Each structure stands twice: as structure tokens, then as C-alpha cells.
Amino acid sequence: MSIHIGAQPGEIAETVLLPGDPLRAKYVAENLLEDAQCYNEVRGMYGYTGTYKGKKVSIQGSGMGIPSISIYAHELIHEYQVKTLIRVGTCGCLQEEMELGSVLLAIGASSDSNTNNMVFNGLQYSPTADFTLLDKAYHTAEGMGMKVVVGNVLSTDLFYMDDPQRYHVWIDHNIVGIDMESSALYTLAARSNVQALSILTVSDNIITGQVSSSQDRQEKFMDMIKLALEI
């Protein structure tokens, strides 16, 4: 049992899916996993372990933002010996032509957070996905008839922005999506030599102002979850 996760040793699988919303973790466990058992309710951040096609898998809510996912990823890796972490969440897109509901595989994650600056004493670090997971996700999506976009994302600390011009430098450097967690996940995974990948569903377009309905988000979210489970 760790500070923020109430599981006993052996209750968490070596592969964990990480949605930000704990209620999505609950929904997925109840609808897609077999024999799902809840191992965590600390702070309402639900965690479940079950099986998918005979393989043991866990799904753990991770909250919003770099500090929150850093806590859960750290404890999963160091207290529960998790080897594979797959973030499954929503993102905004920074390319006008990208459609809502598109699935994005984040090959790398830039950030405006100061977290890595502190870790690396002001030096630059480029957090990237595990290639084996990324490659498997891409080809599995093809086999499922699911179109995916592979590209770099920006993990930001700020959800609400007052300056609409702020994104232009990122857009000019071909950043395709924006979330709040991937950079930290990739950095922590690299430090501990475990696998990590962010699979993201585009819920809104920052450039055009388009926003998905709650129903569309749920349907596309489940497509993304099925891809994550398949890999």
C-alpha cells in the first residue's frame, strides 16, 4: 500500500491504463474487463484490476495535470512494479485540419511546465514514447480500421489561456496536440526503464474552436480504450 494507492501487493497488473477521470476508470472496468475488482478508492481515484482476453490488466485514474499523474505513475512503478503505463485521455489539437474524435499517438511531449527544468537543472530533455508500444499501437489501429495520427504534443500547465497567440510557436514547430500529462509520464518511465505511451482522443480544436459533445467524447473514448487494451 502506497500513500495514494490503497492496493495490496499483487493486486495491480504489470500493465496499467491511466485515464485522468476516475469515473472513466470505473466505467471501463465495469464494461470492458472481466472479473474486475476495485483495489483503490483513496481520494476517489478509482483503480481496478481485471482481465481482457485472458490477460491481467489494471486501470487507474490519474487526475489532471503533471503533478497528479507524476504521483500515480511514481507509486505504480516503484511501489507496485508496474512495467507498462498507457495514458488514455483527451486532448486539444493545434492543427486546423485535424478532425474531432481523431486518435493521436504521442511520439514525443514538449512542455511549458517547469518540472523537467528542476529535474535536469535547467538543461533540455526530450520526453518520448516507448517505440515498441508506439509501433504496436500504430499497426494494431490499422488492423482495427482505425485512423490514427502520430505526432508531438505539448503538455501544458495551463488549461485556460488569456493569450490566443501563445500557441503559435508550438504550431510553427508542428505540435499537433495539447494535453496536461504526457511529458511527465514519459520522463518518469524513461528514468525507471519502463514502457509508456499516450493514446489521446481529440476532444476540441484550439484553432477552429470546435468542441465535441459529451456523447461523442464517450464513444470516441471507448474506441481509444479498446486500442489500448488490444496492445
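Check the stretch 22-34 and report whether any residue there is among the charged types (D, E, K, R) and modelled with pLDDT under 95. Yes, the stretch 22-34 contains a residue that is among the charged types (D, E, K, R) and modelled with pLDDT under 95.
Where strands (runs of 3 or more DSSP E) fall entirely within the stretch 1-115, those with at least 2 residues that are of a type in the set (Lys, Arg) and over 19 Å from ALA184 (Cβ atoms) are at 55-60. In the set (1) more than 19 Å from TYR27 (Cβ to Cβ); (2) under 14 Å from the mean Cα position of the chain (by Cα); (3) assigned to a strand (DSSP E or B); (4) of a type in the set (A, V, I, L, M, F, W, C), the condition left unmet by ALA189 is number (3).
Could we say that GLY151 is closer than 25 Å to GLU230 by Cα and either in contact with a Leu (Cβ under 9 Å, 6 or more places away or on another chain) or among the acidic types (Asp, Glu) (or both) here? Answer is yes for this residue.
Quick check on GLY65: is it out of contact with any helix residue (DSSP H, G or I) (no Cβ under 6 Å at 6 or more places or on another chain), surrounded by fewer than 20 Cβ atoms within 10 Å (Cβ to Cβ) and either in contact (Cβ under 8 Å) with a residue 60 or more places away in the chain or on the phi > 0 side of the Ramachandran plot (or both)? Working first, answer last.
On the way: out of contact with any helix residue (DSSP H, G or I) (no Cβ under 6 Å at 6 or more places or on another chain): yes; surrounded by fewer than 20 Cβ atoms within 10 Å (Cβ to Cβ): yes; either in contact (Cβ under 8 Å) with a residue 60 or more places away in the chain or on the phi > 0 side of the Ramachandran plot (or both): yes.
Taking the combined requirement at face value, the residue satisfies it.
Which is out of contact with any helix residue (DSSP H, G or I) (no Cβ under 9 Å at 6 or more places or on another chain) and either surrounded by 16 or more Cβ atoms within 10 Å (Cβ to Cβ) or of a type in the set (Val, Ile, Thr) (or both), of ALA73, ALA25? Just a single option satisfies the conditions, and that option is ALA25.
The values are calculated or read from the model by the stated rules, or taken from the named source; none is laboratory data. All of these numbers come straight from a predicted model, not from anything done at the bench. When we count neighbours, we look across all protein chains shown, and the Cβ atoms used for this are built from the backbone with ideal geometry, even at glycine.
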